[in-house]
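The values are calculated or read from the model by the stated rules, or taken from the named source; none is laboratory data. All values derive from a computational prediction rather than experimental measurement. With ideal geometry, Cβ positions are generated from the backbone for all residues, glycine too; neighbour counts draw on all protein chains shown. Note: areas computed on protein heavy atoms with side chains; ligands, DNA, RNA excluded. Shrake-Rupley method; radii C 1.70, N 1.55, O 1.52, S 1.80 Å.
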Amino acid sequence: MKKLLITLLSIVCLLGLVVVLSATVFKEELTEWVIKQKMKKYEQLKMYYVSEIPVEPENFAEDFKSIHKQVLKECSLYEQKGINMDSLYATFSKRIGNEVKTKADYGLLVCEYIAALNIGHANAHLDVYWSMYSPTVVEGRLFIDNPNEYMTKYGFCEKDEIIAINNTPIEQYVNSRKKYTHASTEDARMHLTRRWALRSHTDSLIVCDVLRGGDTLKLELPLTKAFPTGNKDELMAKGKMLNDSVGYISIESMTGNVVEDFKQAYQHVCELPYLIVDIRNNGGGNSINGRLIAEFLIHNPQQHCLGEDMVPQSNAYKGKLFLLTSNFTFSAAESFAIDMKESGNATLVGEATGGDTGNGPDFFVSKYGIYFRVPTREPHVSPQGFPLEGVGVEPHHKVQQTVGDFFDNKDTIIEYVLNGLINNK
């Protein structure tokens with residue numbers, strides 16, 4: 001009888017475990033399915049250039065009112081930010097018919113209004129002309145680093161500095177455009193506006209003053225409507241050994257096959273005593289991917305900042321871990337940074353992150369057909385109380401790339417880790 005009870009109890013426990021595991025797998029598959037469905041929905045949304053929006057001047061006021069009403073109803077964060085929405089609406093609506101007279105004027109007004117919410121995941125879904133290239137931001141200055149074929153075609157060279165656009169000094173140019181940049185922190189807004197300087201809602205041609213050595217050149221740069229499709233075979237995570245004791249993995253995105261790419265890179269460096277994981281150029285993607293990667297880097301079970309449980313992998317990293325972050329680190333990459341900081345296993349080096357993990361962004365449409373996005377999930381905090389929007393994750397060591405190191409082809413942050421945090425031990 002005793003053996004029968006033990007057998008029955010074992011069967012019950014086993015069935016319970018199967019149910020739990022099945023529920024976990026189902027939940028992950030369901031989440032993946034939801035994300036895929038959202039992506040399909042987003043791909044079908046119509047984008048317009050501001051001069052081509054489907055709103056006639058006589059309908060600007062009515063259309064803008066419909067946007068504002070939906071923001072009031074659907075956006076989950078403006079109350080937390082203390083924004084007076086009545087005042088915001090009054091300020092923008094009174095410009096319609098005065099300074100806002102053309103379609104381009106109105107499209108820019110919508111961009112500015114959404115950006116004024118100060119939320120990184122809130123934006124007008126309007127198209128831009130651009131060069132399919134983002135300059136490198138170093139000490140607030142804009143440099144050409146590894147120019148693509150398009151930039152090379154129009155005369156740009158490695159280490160060129162862009163000092164003016166359309167005869168406007170670059171800092172003045174950036175300050176005039178930052179009001180259209182959606183961001184959750186001022187540091188992120190400035191960084192993104194600089195990074196996106198070679199994009200425009202209105203201009204299909206810009207003129208850049210370029211400093212090359214001791215000479216200043218004027219280069220005309222046509223901006224294209226083409227959008228790069230990307231290389232589906234491109235690795236989202238890449239690894240290498242910096243020396244015989246330090247491994248390095250850059251995670252460029254939290255999309256696609258990044259988890260498998262990470263595993264492939266990880267197996268070559270996981271036994272080294274030091275590991276640098278670089279998410280400075282990671283603008284986010286799927287938070288599930290970040291959670292799965294984190295399980296290779298944590299020592300103890302912990303809760304993911306968005307609520308799921310994380311359990312270390314059997315071959316989780318045992319050495320000293322450094323995580324590199326920047327103002328561009330955003331969305332699912334920021335969630336990953338929060339998890340790694342709260343694990344206590346990683347030393348963060350670089351700049352504060354962009355200050356926004358997502359908060360359930362979704363798309364809505366104005367009365368006359370302009371799509372826009374706002375977060376819909378109520379404000380939350382991480383398991384250790386860190387806000388999931390509005391504040392960047394601060395590094396343990398704040399370090400920025402210097403112009404001198406840039407010209408010497410040195411990465412200031414990596415050099416700091418190698419020479420300041422590892423070799424000084």
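Exactly one condition in (1) assigned to a helix (DSSP H, G or I); (2) crowded, with 21+ Cβ neighbours inside 10 Å; (3) of a type in the set (A, V, I, L, M) is false for L221; which is it?
With (1) assigned to a helix (DSSP H, G or I); (2) crowded, with 21+ Cβ neighbours inside 10 Å; (3) of a type in the set (A, V, I, L, M) applied to L221, the lone miss is (1).
Considering each residue of the stretch 409-425, count those that are free of Cβ contacts under 8 Å to residues at least 40 places away in the same chain and either aromatic (F, W, Y) or part of a loop (DSSP other than H, G, I, E, B) (or both), and give that number. So that I can check it myself, show each step before the final result.
So in the stretch 409-425, the residues free of Cβ contacts under 8 Å to residues at least 40 places away in the same chain come out as 409-412, 415, 419-420, 423-425.
Okay, now just the ones that are also either aromatic (F, W, Y) or part of a loop (DSSP other than H, G, I, E, B) (or both), so 409-411, 423-425.
Matching residues across the stretch 409-425 total 6.
Would the stretch 268-287 turn up any residue that is at pLDDT 95 or above, under 30 Å from A164 (Cβ atoms) and assigned to a helix (DSSP H, G or I)?
No, because not a single residue in the stretch 268-287 is at pLDDT 95 or above, under 30 Å from A164 (Cβ atoms) and assigned to a helix (DSSP H, G or I).
Just one of the numbered conditions (1) touching a residue at least 24 places away in the same chain (Cβ under 8 Å); (2) in contact with a helix residue (DSSP H, G or I) (Cβ under 7 Å, 6 or more places away or on another chain); (3) open to solvent by 20 Å² or more (accessible area, probe 1.4 Å); (4) within 30 Å of V50 (Cα to Cα) is not true of K238; which one?
Condition (4) is where K238 drops out.
Just to be sure I understand, how many residues within the stretch 309-341 are without any contact (Cβ under 8 Å) to a residue 24 or more places away in the chain and not hydrophobic (A, V, I, L, M, F, W, C)?
If we filter the stretch 309-341 for residues that are without any contact (Cβ under 8 Å) to a residue 24 or more places away in the chain, which is where we start, we get 309, 311-314, 316, 318.
Of the ones still in play, those that are also not hydrophobic (A, V, I, L, M, F, W, C) are 309, 312-314, 318.
Looking only at that region, the number is 5.
Let's see how each residue does on (1) of a type in the set (S, T, Y); (2) touching a helix residue (DSSP H, G or I) at 6+ places or on another chain (Cβ under 7 Å); (3) under 29 Å from G420 (Cβ atoms):
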residue	(1), (2), (3)
N327	no, yes, yes
S331	yes, no, no
S335	yes, yes, yes
D339	no, yes, yes
E342	no, no, yes
N345	no, no, yes
V349	no, yes, yes
G354	no, yes, yes
I370	no, yes, no
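Report yes if some residue within the stretch 118-135 is at pLDDT 95 or above, part of a helix (DSSP H, G or I) and buried (at least 19 other Cβ atoms within 10 Å of the Cβ); otherwise report no.
no
Those residues that are closer than 13 Å to F322 by Cβ and either open to solvent by 30 Å² or more (accessible area, probe 1.4 Å) or among the small types (G, A, S) (or both), I need them from the stretch 249-273; list them, please.
At the first step, the residues of the stretch 249-273 found to be closer than 13 Å to F322 by Cβ are 249-250, 269, 272-273.
Those that are closer than 13 Å to F322 by Cβ and either open to solvent by 30 Å² or more (accessible area, probe 1.4 Å) or among the small types (G, A, S) (or both): S250, P273.
Conditions first: (1) part of a helix (DSSP H, G or I); (2) open to solvent by less than 60 Å² (accessible area, probe 1.4 Å); (3) modelled with pLDDT of 95 or more. P54 passes all but one, so which condition is the exception?
The one condition P54 does not meet is (1).
Looking for something assigned to a strand (DSSP E or B), hydroxyl-bearing (S, T, Y), touching a residue at least 24 places away in the same chain (Cβ under 8 Å) and surrounded by fewer than 20 Cβ atoms within 10 Å (Cβ to Cβ) - is there at least one such residue anywhere in the stretch 63-72? Let's see the steps before the verdict.
If we filter the stretch 63-72 for residues that are assigned to a strand (DSSP E or B), which is where we start, we get none.
Within the stretch 63-72, not a single residue is assigned to a strand (DSSP E or B), hydroxyl-bearing (S, T, Y), touching a residue at least 24 places away in the same chain (Cβ under 8 Å) and surrounded by fewer than 20 Cβ atoms within 10 Å (Cβ to Cβ).
Filter the stretch 75-115 down to the residues that are touching a residue at least 24 places away in the same chain (Cβ under 8 Å), in a loop (DSSP other than H, G, I, E, B), closer than 24 Å to T376 by Cβ and open to solvent by 30 Å² or more (accessible area, probe 1.4 Å) and list them by number.
I83
Just to be sure I understand the filter: pairs with C-beta atoms under 6 Å, separated by 6 or more residues or on different chains, first member in the stretch 368-385 and among the hydrophobic types (A, V, I, L, M, F, W, C), second member assigned to a loop (DSSP other than H, G, I, E, B) and surrounded by fewer than 21 Cβ atoms within 10 Å (Cβ to Cβ). Which pairs pass?
As it stands, the answer is F372/H125, since those pairs meet every condition given.
Among residues belonging to the stretch 160-214 that are assigned to a helix (DSSP H, G or I) and among the small types (G, A, S), point out the one that is surrounded by the most Cβ atoms within 10 Å (Cβ to Cβ).
Here the residue is A188.
Scan the stretch 136-155 for residues that are open to solvent by 30 Å² or more (accessible area, probe 1.4 Å), in a strand (DSSP E or B) and either within 21 Å of P361 (Cα to Cα) or not aliphatic (A, V, I, L, M) (or both) and jot them down.
Result: T136, R141.
Against the definition (out of contact with any strand residue (DSSP E or B) (no Cβ under 9 Å at 6 or more places or on another chain) and either among the basic types (K, R) or over 30 Å from D411 (Cβ atoms) (or both)), how does G385 come out, yes or no? Walk me through it before giving the result.
Details: out of contact with any strand residue (DSSP E or B) (no Cβ under 9 Å at 6 or more places or on another chain): yes; either among the basic types (K, R) or over 30 Å from D411 (Cβ atoms) (or both): yes.
Yes: the conditions hold for G385.
Need at least 1 residues that are closer than 22 Å to C270 by Cβ, among the hydroxyl-bearing types (S, T, Y) and open to solvent by less than 30 Å² (accessible area, probe 1.4 Å) per element, so show me which strands (runs of 3 or more DSSP E) inside the stretch 306-408 make the cut, counting only ones lying wholly within it. So that I can check it myself, show each step before the final result.
On the way: elements: 320-325, 346-350, 361-365, 371-375.
Fully inside the stretch 306-408 and qualifying: 320-325, 346-350.
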